[in-house]
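The values are calculated or read from the model by the stated rules, or taken from the named source; none is laboratory data. Because the structure is predicted, anything quoted here is derived from the model rather than measured. Virtual Cβ from ideal backbone geometry, glycine too; neighbours counted across all protein chains shown.
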Amino acid sequence: MIYEEIFRALAQREVRFFSFYNPEKPIILVDVFVKEPIEFGVVDRNKVVVEAGGVKIPVISVEHLKELKRISGRPQDLADLQALQDLQQEEEES
């Protein structure tokens with residue numbers, strides 16, 4: 001299948017992830033990991049389930065999200081990481 005060939009080629013080039021986004025709404029972005037930076041079982045065990053509009057949605061824990069942001073190293077992810085750390089510090093102080 002073509003997708004398997006694409007993932008194999010990306011893995012050989014040391015690509016860790018790539019992103020899909022909607023050019024009309026660039027804020028909507030999905031990262032797809034080629035290599036598993038954190039073992040899925042670990043992420044799954046620590047997930048948080050939130051409810052929105054009556055739908056239960058599993059999401060990654062804040063600690064794992066911060067780790068992924070750190071691993072990615074993109075400027076926006078590093079800014080997100082700092083914002084997450086600042087929010088956690090504010091929560092601890094209040």
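Of all residues in region 1-42, exactly one satisfies the criterion of being among the polar types (S, T, N, Q) and at pLDDT 85 or above, namely Asn22. Annotation note: of Val32, Val50, Val43, Val62, the sole residue that is loosely packed, with under 12 Cβ neighbours inside 10 Å, under 28 Å from Glu91 (Cβ atoms) and not small (Gly, Ala, Ser) is Val50. Inside region 45-66, residues that are free of Cβ contacts under 8 Å to residues at least 12 places away in the same chain and assigned to a helix (DSSP H, G or I) make up a count of 1.
Listed by first and then second residue, the pairs with beta-carbon distance under 7 Å, at least 6 apart or on different chains, first residue in region 67-93 and farther than 22 Å from Glu36 by Cβ and at pLDDT below 90, second exposed (fewer than 11 other Cβ atoms within 10 Å of the Cβ) and of a type in the set (Val, Ile, Thr), form an empty list. Is at least one residue of region 79-91 closer than 30 Å to Arg8 by Cα and of a type in the set (D, E, K, R)? Yes, the conditions are met somewhere in region 79-91. Selection within region 67-94: residues that are among the basic types (Lys, Arg) and part of a helix (DSSP H, G or I). The member of this set that is nearest to the chain's Cα centre (by Cα) is Lys69.
Note on region 31-66: residues that are among the basic types (Lys, Arg) and within 14 Å of the chain's Cα centre (by Cα) total 3.
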